[in-house]
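For reference, the structure is listed below as structure tokens.
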Amino acid sequence: MRTDFSPEQLADPATAVAEAVIRKCVHCGFCTATCPTYVLLGDELDSPRGRIYLIQNMLEKEAEPTPQVVRHVDRCLSCLSCMTTCPSGVNYMHLVDHARAYIERHYRRPLAERLIRSLLAAVLPHPGRFRLALALARLARPTAPLLARIGWARPLAAMLSLAPRNGAGTATRDTPRPTAPVGRVALLQGCAEPVLKPEVRAATIRLLGRLGYQAVLAPGEGCCGALVHHMGREEAARDAARRNVDAWSRQIEADGLDAILITASGCGTTIKDYGFLLRDDPVYADRAARVSALAKDVSEFLDTLDLPAGDGRGLTVAYHPACSLQHGQKITEAPKRLLARMGYRVKTPAEAHLCCGSAGTYNILQPELAGKLGDRKAAAIDRLGADVIATGNIGCAMQIGMRSATPLAHVVELVDWASGGPAPESLSRR
């Protein structure tokens with residue numbers, strides 16, 4: 001695409017990056033076929049190509065974002081399916097993230113939106129606050145139908161509906177040292193997953209221990225920053241990245257790390273991008289790049305190891321590839337290969353490239369679109385008639401789990417079970 005940024009505008013590093021991304025777009029429209037919002041709505045402005053036009057116009061004119069531009073940018077899931085499809089290598093992720101940060105700085109949202117977004121940013125990245133919020137949500141759940149009829153309150157209704165009916169668990173912090181360690185890895189502690197599904201961390205630690213890897217939880221590490229980053233709160237995301245880079249750097253310098261393992265693929269996409277996020281920080285740029293290089297999805301790491309033969313018990317697994325894994329990190333075969341090596345029969349649903357609608361806070365802030373995508377995804381998975389659903393991202397697990405009667409487990413839980421660990425909680429209950 002032709003651009004018309006001034007030399008003064010291009011002196012800003014972030015604008016220069018955005019301009020380079022825009023110029024790569026050749027208007028081909030391949031992205032429209034795989035964009036979930038375009039598939040649902042059929043509106044060109046709700047496609048990546050349409051959003052690029054809107055973002056370019058806004059940035060070139062240094063204009064105050066209009067409600068129309070904000071609406072269409074907000075509807076983007078950041079599923080990055082367009083990046084898989086694009087033949088020109090357009091880095092849409094960096095462009096839409098920059099647009100969201102620009103909107104956050106230059107657009108004043110209605111009061112209700114500002115309060116809800118501030119509430120999410122203040123609660124979700126903090127496990128203690130999140131655990132308390134879930135307890136309160138269970139008490140307030142009966143009000144969800146009423147709130148759903150009030151336009152500005154629909155995100156609150158979505159929050160109440162998404163809250164698990166059972167109590168939040170507590171993730172283990174016990175990381176026993178193997179008798180003959182062959183390596184040392186750090187586990188991302190994260191924010192939502194240890195509250196919603198703490199058994200994933202427990203399964204990961206057990207499995208790594210049997211394989212001879214010492215797993216460590218780095219003191220001082222916390223939320224990866226993805227949740228606030230996708231709401232345009234760029235500085236808050238950078239602060240989270242710096243905190244984590246500090247925590248993992250201390251582990252690297254103390255006893256070394258073979259990898260930083262992530263069990264929530266949405267977090268993995270962000271951590272692998274820390275080098276870009278902190279590229280202009282003279283204190284953190286090099287260390288952030290080192291952290292990004294060490295970051296690996298747990299399935300990506302396990303797929304490289306010599307695993308013992310597994311007992312899949314003749315089960316058929318419907319594998320749901322999270323967008324952040326298949327599009328954000330370009331990891332498509334490792335989880336399926338891993339499950340097959342463990343003795344499971346693996347199937348993938350139709351439209352596996354389309355997002356389930358979770359997308360961080362999307363199913364709260366855009367509940368109607370997220371609901372349609374979630375229903376579509378669950379129906380496609382259920383048609384496989386599998387014994388269990390496997391995925392590698394907590395958001396997908398919650399979004400699909402509330403719509404399907406088939407038990408759902410993280411990929412690492414199934415690998416742990418097939419290689420000697422206990423049955424995943426979702427299966428043991430049955």
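Throughout, read-outs are computed from the coordinates displayed, never taken from laboratory work. None of these values were measured; they are calculated from a predicted model. Positions of Cβ are generated from backbone atoms using ideal geometry, with glycine treated the same way; all protein chains shown enter the neighbour counts.
Some observations on this one:
- In order along region 247-261, phi translates into HN-Hα couplings of 4, 6, 5, 5, 5, 4, 6, 6, 10, x, 9, 7, 6, 10, 9 Hz, rounded to whole numbers, per the Karplus curve 6.51 cos²θ - 1.76 cosθ + 1.60 with θ = phi - 60° and x for Gly and Pro.
- Net charge of the neighbourhood of ALA157, taken over other residues with C-beta under 12 Å away and scored Lys/Arg +1, Asp/Glu -1, is +2.
- Share, in percent, of DSSP beta bridges within the chain that are antiparallel, nearest 5: 0
- Overall form of region 1-83 per C-alpha gyration tensor (a/c, 1.5; a/b vs b/c): prolate
- By the Cβ distance rule of under 4.7 Å, the chain has these cysteines without a partner: CYS25, CYS28, CYS35, CYS76, CYS86, CYS356, CYS396.
- Between the amide H of ALA295 and those of ILE260, distances stay under 5 Å, these residues lying 5 or more places away or on another chain, with hydrogens modeled in the peptide plane.
- Lys/Arg +1, Asp/Glu -1 at C-beta; region 85-158 dipole; positive extreme among TYR92, PRO110, LEU134: LEU134
- Residues in region 409-426 carry Karplus couplings, in order, of 9, 6, 3, 5, 5, 5, 5, 4, 5, 5, 10, x, x, x, 5, x, 4, 5 Hz; the curve used is 6.51 cos²θ - 1.76 cosθ + 1.60 with θ = phi - 60°, and Gly or Pro positions show x.
- Here the dipole of region 73-132 is about 300 debye; that uses its Cα centre as origin and unit charges on the Cβ of Lys and Arg (positive) and Asp and Glu (negative).
- Under the combined filter of DSSP loop state and at most 11 neighbouring Cβ atoms within 10 Å, region 88-130 retains these trypsin sites (Lys or Arg not before Pro): ARG108.
- Placing +1 on the Cβ of every Lys and Arg and -1 on the Cβ of every Asp and Glu, with no other charges, gives region 153-293 a dipole of roughly 460 debye about its Cα centre.
- Among ALA390, LEU373, TYR344 - extreme Cα towards positive end, dipole of region 332-430, charges at beta-carbon: TYR344
- Separation between Cα centres of region 55-90 and region 386-430, rounded to whole Å: 34
- Note on the chain: with a GNM built from Cα contacts shorter than 10 Å, the maximum mean-square fluctuation among PRO145, PRO155, PRO335 falls on PRO145.
- Cα-projected label distance for SER118 with GLN9, points at 7 Å along beta-carbon direction, nm: 3.2
- Cα-based shape type of region 195-326, given that a ≥ b ≥ c are square roots of the gyration tensor eigenvalues and the cut on a/c is 1.5: prolate
- Taking a ≥ b ≥ c as the square roots of the eigenvalues of the Cα gyration tensor, region 269-399 is classed as oblate, since a/c reaches at least 1.5 and a/b does not exceed b/c.
- Pair ASP375, LEU146: separation of 7 Å Cα→Cβ label points (nm): 2.5
- Residue-span extension gain [ARG129 to ARG2] - 0.36 nm each, minus C-alpha spacing: 41.0 nm
- Estimated dipole of the chain in Debye, rounded to 20 [Cβ of Lys and Arg +1, of Asp and Glu -1, Cα centre]: 1220
- Computed log10 I(q)/I(0) for the chain at 0.08 Å⁻¹: -0.43, from the Debye equation with unit scatterers placed on every C-alpha and solvent omitted.
- Each Lys or Arg adds one and each Asp or Glu takes one away; over the other residues whose Cβ falls under 15 Å from the Cβ of LYS336, this sums to +1.
- Lysine pair count for the chain [Cα-Cα under 26 Å; pairs on different chains or 8 or more apart]: 23
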